[in-house]
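Structure, as structure tokens:
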Amino acid sequence: CALLFFATTINYLDRQVLSLLQPYLAEKFNWSNTDYANITAVFQFVYAFSMLFAGRVIDVLGTRKGYALAIVVWSIAAAVHALAIPIGEGIVAILGWTGIVGFSVSVLGFMFSRALLAIGESGNFPAAIKATAEYFPKKERSLATGLFNSGANVGAILAPLTVPLIRLNWGWEAAFIIMGIIGFVWLIFWMLLYDKPEKQKKL
């Protein structure tokens, strides 16, 4: 349950970084309110669409591998935000000849990063709920779900306490990279500690 709690906390930490850096990034890259709205809309649409398939992927791979895959994808995506400008330049280079590019380099780069983040993060709740079903009897599942789901609020609280300080000391790119690294730290504990109950030697 602690593993699920910390994964959900990291999940919400990662998705909060952009909103906390928005005033700085908007000034730096000359974003309008519409530009930022388009970036966040990409996350919402891709997240909603990915949720249709995330649960099935978790069922096929199993909880251990499925959750690991989800956090690898979203942690890489969190760090990839730091490369939004070169990514945006690459997208412009690819699509520029079609004449359909209607967004700036920075907006396209962050759109790509948010889409990738949404794909990874869509696996969090299906995997956490499946792990809860595997480990907890029915009479305890509501309690376990409430405990791990509280990580969403903790992540939303921790992000504004840490992200601005990271940006001030090491730059906006570091805020994304550090949050991505935290996910890989969690992954080490997940792979060491989690297994199906019938295979769990510590149980």
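The values are calculated or read from the model by the stated rules, or taken from the named source; none is laboratory data. This is a predicted model, so every value here is computed, not measured. Positions of Cβ are backbone-derived with ideal geometry, glycine not excepted, and every protein chain shown enters the neighbour counts. To get the accessible areas, we keep the full protein, side chains included, count just its heavy atoms, and leave off ligands, DNA and RNA. Shrake-Rupley method; radii C 1.70, N 1.55, O 1.52, S 1.80 Å.
For Gly123, no residue 5 or more places off, or on another chain, has a built amide H under 5 Å of its own. So how far, in whole Å, is the C-alpha centre of segment 34-69 from the one of segment 102-116? Centre-to-centre distance over Cα atoms comes out at 17 Å.
For the chain, modelled as a GNM whose springs connect Cα atoms under 10 angstrom apart, the maximal fluctuation among Ala37, Ala79, Ala174 occurs at Ala37. How large a share of the accessible area of the chain, in percent, is made up of carbon and sulfur atoms when the probe is 1.4 Å and the other protein chains stay in place? Carbon plus sulfur share of accessible area: 68 percent.
The trypsin sites (Lys or Arg not before Pro) found in segment 152-203 that occupy coil by DSSP, while having at most 15 further C-beta atoms within 10 Å, are Lys201, Lys202. Fully extending the segment from Arg141 to Leu95, taken as 0.36 nm per residue of separation minus the present Cα-Cα distance, adds 11.7 nm. Is the C-alpha gyration tensor of segment 1-62 telling us rounded, prolate or oblate? Criteria: a/c under 1.5 is rounded; beyond that, a/b larger than b/c is prolate, otherwise oblate. In terms of gyration-tensor shape, oblate. Highest GNM mean-square fluctuation among Gly102, Gly120, Gly183, for the chain modelled with Cα contacts below 10 Å: Gly102. For segment 156-203, rounded, prolate or oblate, judged on the Cα gyration tensor with a ≥ b ≥ c (square roots of eigenvalues), a/c < 1.5 rounded, else prolate if a/b > b/c? Prolate shape, in that a/c is at least 1.5 and a/b is the bigger ratio. A simple charge model with +1 on the Cβ of Lys and Arg, -1 on the Cβ of Asp and Glu and nothing else charged puts the dipole of segment 3-118 at about 320 debye relative to its Cα centre. The helix-only estimate of mean residue ellipticity at 222 nm for the chain, built from DSSP H runs of length n ≥ 4 each weighted as -39500 (n - 2.57), is -28500 deg cm²/dmol after division by the residue total.
Accessible area per residue for the chain, computed on protein heavy atoms with a 1.4 Å probe, is 52 Å².
Given R₀ = 22 Å, FRET efficiency for Leu3-Trp170 by Cβ-Cβ distance, to 0.05?
0.20
Taking only Cα atoms, what is the 0 to 90° angle, nearest 10, from helix 124-135's long axis to the longest principal axis of the chain? Approximately 10 degrees, to the nearest ten. Note on Asn30 and Ile157: with the Förster distance fixed at 22 Å, the Cβ-Cβ geometry gives a FRET efficiency of about 0.10.
The Cα atoms of segment 99-203 give a gyration tensor whose axes a ≥ b ≥ c have a/c of 1.5 or more with a/b greater than b/c, which makes the shape prolate. Of the chymotrypsin sites (Phe, Trp or Tyr not before Pro) found in segment 130-203, none is in coil by DSSP with at most 16 other Cβ atoms within 10 Å of its Cβ. Derived scalar couplings between HN and Hα for segment 37-50 equal 4, 5, 5, 5, 5, 4, 4, 5, 5, 5, 4, 4, 5, 5 Hz in order, rounded to whole Hz, by the Karplus curve 6.51 cos²θ - 1.76 cosθ + 1.60 (θ = phi - 60°), x for Gly and Pro.
Between 0 and 90 degrees, rounded to the nearest ten: what's the tilt of helix 138-149 against the longest Cα principal axis of the chain? Result, in degrees: 30.
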